[in-house]
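Here is the structure we will look at.
The values are calculated or read from the model by the stated rules, or taken from the named source; none is laboratory data. Computed from a predicted structure; not experimentally measured. Cβ placement follows ideal geometry from the backbone for every residue including glycine, while neighbour counts extend to all protein chains displayed. We work out accessible area using only protein heavy atoms, side chains counted, and drop any ligands, DNA or RNA first. Shrake-Rupley method; radii C 1.70, N 1.55, O 1.52, S 1.80 Å.
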Amino acid sequence: MRDMVAEGKTILIAGAGPVGLAAAVELTRRGLKVRIVDAEAGPTPDNQSRALAVLPTTLAILKPSGVADRMLAEGGRILGADFSRDGKPLFSFRIKGARTPTPFILSLPQARTERILIGWLEEHGVAVEWNVSVTEIGETHRPTATLSTGECLAADAVLGCDGAHSRVREAVGIPWKGEGYPGTFSLADVRFSVPIDAHHAKISLRSGGGGTALLPFGAHEARLIGLVDDPRTLLDGLQNVSGIVWTSKFHVAFRRAERMAKGRVYLAGDAAHVHSPVGGRGMNLGIWDAGTIAFLLSKGRESEYETRRLPVVDAVLKATRRMTDLVAHPPALVKYLMPLGFPLATRIPPIRRRVSERLLALDLPQPEWLES
């Protein structure tokens, strides 16, 4: 083992997905020194969209660094959704009235988001250390981290952004609680031979429960996702498909860490909480964690992190579970009222604004520094 480096003000970030990279950007722009390591050989492959939806609060957090403008230049804007059931049109919903400068869902594949963040960091002298992982964490109030290279680093703080199977979380003994969810989610990224509507999602529901969502990320590409066992069934009835870029299927769970901080070790993103993809909150919630801990560390208020984030995390898990249940097993009353009640209600401007803001997660507490 190498000799321990002298203690400094370096903040060690474990994990270079969107959450860890966003944390590195936010800490760096606030003048704090970071090192960021990741066990993988490089970022998400270009052909895997993974997390796709970027919400207004995420853009607001990344705006001061200039990252948001780069994302906006590359991404598409989803302005609403068209709903159908059993192949028959139900209604269309347009996002209107939301109190935000970016009243839309930005559609940008995770691979592109990561490369934008990596590019910004490289411009500011920060390089991701690939093929390097955290193997052990020492005393947490003056944290030390042993890396897979053999280096033992004394850090001012450690951020665990290393996913649902977080080694950082395990190393400091924070319990992981929650439960799995029955059923399988599948997704497929597909190309179309003719242009599609790049600004509106398509939500196809089934009377017996479940359904498929089509989320465009360009004039000829889209993500299909649904509660089905085989990704190929997502393409049933779909026309003008010229190719399948990537498919995946996975089980989901609703879990969170019992704590999001122990001493000066902090958890963010999937290392702290996981839930279903319904609602597109996952990556966004993690980037909000990252922005929050960066702000608090820069102000010397990091002891507030857990009490600020856990209520928001619990609210998102509860709401996402409710939405997932609604899609998987819609109550009879909802199936009856949806074709008429929802379109009528959302013609009323205050209701339409409320629905729009909930869809964009603007109903959640907004970061303190964005309001100042």
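Listed values, structure above:
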item	result
Members of region 205-219 that are within 17 Å of Gly183 (Cβ to Cβ), surrounded by 15 or more Cβ atoms within 10 Å (Cβ to Cβ) and out of contact with any Asp or Glu (no Cβ under 8 Å at 6 or more places or on another chain)	Gly209, Gly210, Gly211, Thr212, Ala213
Residue in region 337-357 that is touching a helix residue (DSSP H, G or I) at 6+ places or on another chain (Cβ under 8 Å), modelled with pLDDT under 80 and more than 28 Å from Ile293 (Cα to Cα) present	no
Residue match in region 347-356 (condition: in contact with a Gly (Cβ under 8 Å, 6 or more places away or on another chain), touching a residue at least 60 places away in the same chain (Cβ under 8 Å), closer than 19 Å to Gly97 by Cβ and open to solvent by less than 20 Å² (accessible area, probe 1.4 Å))	yes
Extreme residue, nearest to Ile13 (Cα to Cα), among residues of region 258-282 that are open to solvent by 20 Å² or more (accessible area, probe 1.4 Å) and of a type in the set (A, V, I, L, M)	Val274
In region 292-311, residue nearest to Ala271 (Cα to Cα) [restricted to those that are aliphatic (A, V, I, L, M) and buried (at least 22 other Cβ atoms within 10 Å of the Cβ)]	Ile293
Residues of region 300-311 satisfying the condition of being out of contact with any helix residue (DSSP H, G or I) (no Cβ under 9 Å at 6 or more places or on another chain) and in a helix (DSSP H, G or I)	Glu306, Thr307, Leu310, Pro311
Qualifying positions in region 37-59 - buried (at least 19 other Cβ atoms within 10 Å of the Cβ) and either touching a Ser or Thr at 6+ places or on another chain (Cβ under 6 Å) or closer than 27 Å to Glu357 by Cα (or both)	Ser49, Arg50, Ala51, Leu52, Ala53, Val54, Leu55, Pro56, Thr57, Thr58, Leu59
Any strands (runs of 3 or more DSSP E) falling wholly within region 1-108 and containing at least 2 residues that are of a type in the set (A, V, I, L, M) and touching a strand residue (DSSP E or B) at 6+ places or on another chain (Cβ under 7 Å)	11-14, 34-38, 105-107
Candidates Val67, Val19, Val34, filtered to the one that is at pLDDT 95 or above and open to solvent by less than 10 Å² (accessible area, probe 1.4 Å)	Val67
Members of region 89-110 that are over 29 Å from Thr44 (Cα atoms) and in contact with a helix residue (DSSP H, G or I) (Cβ under 6 Å, 6 or more places away or on another chain)	Leu90, Phe91, Ile95, Lys96, Gly97, Ala98, Thr100
Among the candidates Asp289, Asp314, residue that is open to solvent by 10 Å² or more (accessible area, probe 1.4 Å) and in a helix (DSSP H, G or I)	Asp314
Residue within region 349-357 that is part of a helix (DSSP H, G or I) and polar (S, T, N, Q) present	yes
Residues within region 234-263 that are within 30 Å of Ala155 (Cα to Cα) and touching a His at 6+ places or on another chain (Cβ under 6 Å), tallied	2
Residue under evaluation Val327, criteria (1) open to solvent by 60 Å² or more (accessible area, probe 1.4 Å); (2) over 21 Å from Glu170 (Cα atoms); (3) in contact (Cβ under 8 Å) with a residue 24 or more places away in the chain; (4) part of a helix (DSSP H, G or I), criterion not met	(1)
Ala127 vs. criteria assigned to a helix (DSSP H, G or I) and either open to solvent by 50 Å² or more (accessible area, probe 1.4 Å) or small (Gly, Ala, Ser) (or both)	no
Candidate set from region 163-192 (those that are surrounded by fewer than 20 Cβ atoms within 10 Å (Cβ to Cβ) and hydroxyl-bearing (Ser, Thr, Tyr)); member that is nearest to His141 (Cα to Cα)	Tyr181
Unique match (being within 28 Å of Gly80 (Cβ to Cβ) and among the polar types (S, T, N, Q)) among Thr324, Thr307, Thr292	Thr324
